[in-house]
Amino acid sequence: MKINKYKITAVLFLVIIFWIGTVTLWNNRTEFKNMIHSGDVINETNKIYSENVAYSDTFIDMWSKTQSVTDVQLLDDAEYGNIIKDEKGNLYFPANDVDVTPLAQNTINFAKMLSEKNIKFAYVQAPNKDLKGYTDKIVSDYNFSNKNADEFLSILNENGVDTLDLRELIIKENLDREKLFYKTDHHWTTTTAFWAYNKLVEYLNQTYNLNIDPNNYYRDINNYNLIEIKECYLGSLGRRVGKSVSGLDDYTFIEPNFKTDYKIYNGVTSKTNPIFKGNFHKAIVKDNILTSNDVTSNKHATYFEWDYGDLIIKNTLIDNDVKILLIKDSYSLPLAAFLSTCVSELDMVDLRDTPKVDLRKKIADGDFDVVLVLYNTEVFNETMFGFDIKW
């Protein structure tokens, strides 16, 4: 009997697909059981098979090895089209060219309304891995985040809004740019976040005379314990293209070696019952992430774990009465942890969370010394700048 190689290939393909489908079904059997009762079988099935398909990491890594051999710099990605790799192996998301004018106007209106209530306001521009004069041209060809940020800050400055551009300070201080960001993730490292925390406090003291940490005790890295964990982290970009492309990142854990005590509240659910309390480690650090051997565990979220819609952090041991409202993206997680050590209260609001916090009421009731917006350069969208409120 003549063997038809095409039929054999087709049969093998079907067997492999059937096996993957069966393993996926078994791995997600609890979710499927719940799905039957939810009534939305089609959508839930699609979600399970798109997010939790068996062996997906293996296939991604195999494909990454194929692309790495050919030294491809634009790596295929189903959601973003491409993930960018520079010559040093750093990975980047692409970012569209955005009309930032309406977003800047929202910010200007917000600053004016706060000024009417004698509340100080500043916009803080966190950097992105696409640093001027550093990254390959191919990155800037597909990532317009710096262009968007430049235009946005220009409009704010022309309209008298206080701004702090951390990108400029990186260049001015000639920081070692190889250590500023993770290779496999879009976030800055904890050491960069600690540096940014220092610069932010300096700015607040110089601009608004807040007198935070006048003796520089809480900003001295020598008063913190640093633990470096080698090759333990595959970040959000690395998980999309496989660890073969850029390997694994090291992670540096930083926590105070001085006495601390916190009460932390979820402002959306309860402002009277703390959801976390105790010292810095107990209240802020998530050991399930820090000590996980799973390289895909999000080490950046070791501090706080989630981007809560409204998180109220009260430091019970600090000897000042400074209260700050920080409107943030995920970059702020480690920075906010460090900032919390030297102010009496730090409230963090993330406008991506639902239900959205009532900013008008929160600010009216909050008695904040300053309201800050701290974003990285890739979040110029209506959701993140939806704080154009009316009193």
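The table that follows gives values for the structure above.
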{"read-out": "Test: residue in the stretch 178-192 that is part of a helix (DSSP H, G or I), touching a Ser or Thr at 6+ places or on another chain (Cβ under 9 Å) and of a type outside the set (Val, Ile, Thr)", "value": "yes"}
{"read-out": "Residues of the stretch 185-228 classified as over 25 Å from the mean Cα position of the chain (by Cα), closer than 27 Å to residue 131 by Cα and β-branched (Val, Ile, Thr), total", "value": "1"}
{"read-out": "Residue 231 being closer than 30 Å to residue 77 by Cα, in a strand (DSSP E or B) and open to solvent by 20 Å² or more (accessible area, probe 1.4 Å)", "value": "yes"}
{"read-out": "Unmet requirement for residue 350, which otherwise passes all of (1) crowded, with 18+ Cβ neighbours inside 10 Å; (2) touching a Leu at 6+ places or on another chain (Cβ under 8 Å)", "value": "(2)"}
{"read-out": "Residue selected from the stretch 123-155 under the condition hydroxyl-bearing (Ser, Thr, Tyr) and either modelled with pLDDT of 95 or more or not in a loop (DSSP other than H, G, I, E, B) (or both), by the criterion surrounded by the fewest Cβ atoms within 10 Å (Cβ to Cβ)", "value": "154"}
{"read-out": "Checking residue 371 against (1) open to solvent by less than 10 Å² (accessible area, probe 1.4 Å); (2) part of a helix (DSSP H, G or I), the condition it does not meet", "value": "(2)"}
{"read-out": "Top-ranked residue of the stretch 253-269 - restricted to ones that are over 14 Å from residue 314 (Cα atoms) and open to solvent by 30 Å² or more (accessible area, probe 1.4 Å), ranked as farthest from the chain's Cα centre (by Cα)", "value": "259"}
{"read-out": "Hits in the stretch 199-228 - residues which are in contact with an Asp or Glu (Cβ under 8 Å, 6 or more places away or on another chain) and not in a helix (DSSP H, G or I)", "value": "210, 219, 224, 225, 228"}
{"read-out": "Tabulated pairs, the stretch 174-186, first open to solvent by 50 Å² or more (accessible area, probe 1.4 Å), second small (Gly, Ala, Ser) and in a loop (DSSP other than H, G, I, E, B), C-beta under 8 angstrom, 6+ apart or interchain", "value": "183/89; 183/235; 183/247"}
{"read-out": "Residue among 280, 304 that alone is open to solvent by less than 10 Å² (accessible area, probe 1.4 Å), over 26 Å from residue 184 (Cα atoms) and not basic (Lys, Arg)", "value": "280"}
{"read-out": "Conditions (1) touching a residue at least 24 places away in the same chain (Cβ under 8 Å); (2) under 16 Å from residue 295 (Cβ atoms): number failed by residue 212", "value": "(2)"}
{"read-out": "Residues (in contact (Cβ under 8 Å) with a residue 24 or more places away in the chain and either within 29 Å of residue 358 (Cα to Cα) or part of a helix (DSSP H, G or I) (or both)) located in the stretch 251-273", "value": "261, 262, 263, 264, 265, 266, 267, 268, 271"}
{"read-out": "The stretch 156-173, subset in a helix (DSSP H, G or I) and in contact (Cβ under 8 Å) with a residue 12 or more places away in the chain, residue farthest from the chain's Cα centre (by Cα)", "value": "156"}
{"read-out": "Given (1) more than 22 Å from the chain's Cα centre (by Cα); (2) assigned to a strand (DSSP E or B), index of the condition residue 348 fails", "value": "(1)"}
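The values are calculated or read from the model by the stated rules, or taken from the named source; none is laboratory data. Please read all numbers here as calculations on a predicted model, not as lab measurements. Cβ atoms come from the backbone with ideal geometry, glycine included; neighbour counts cover every protein chain shown. Quick note on the areas: whole protein, heavy atoms, side chains included, nothing else; ligands and nucleic acids left out. Shrake-Rupley method; radii C 1.70, N 1.55, O 1.52, S 1.80 Å.
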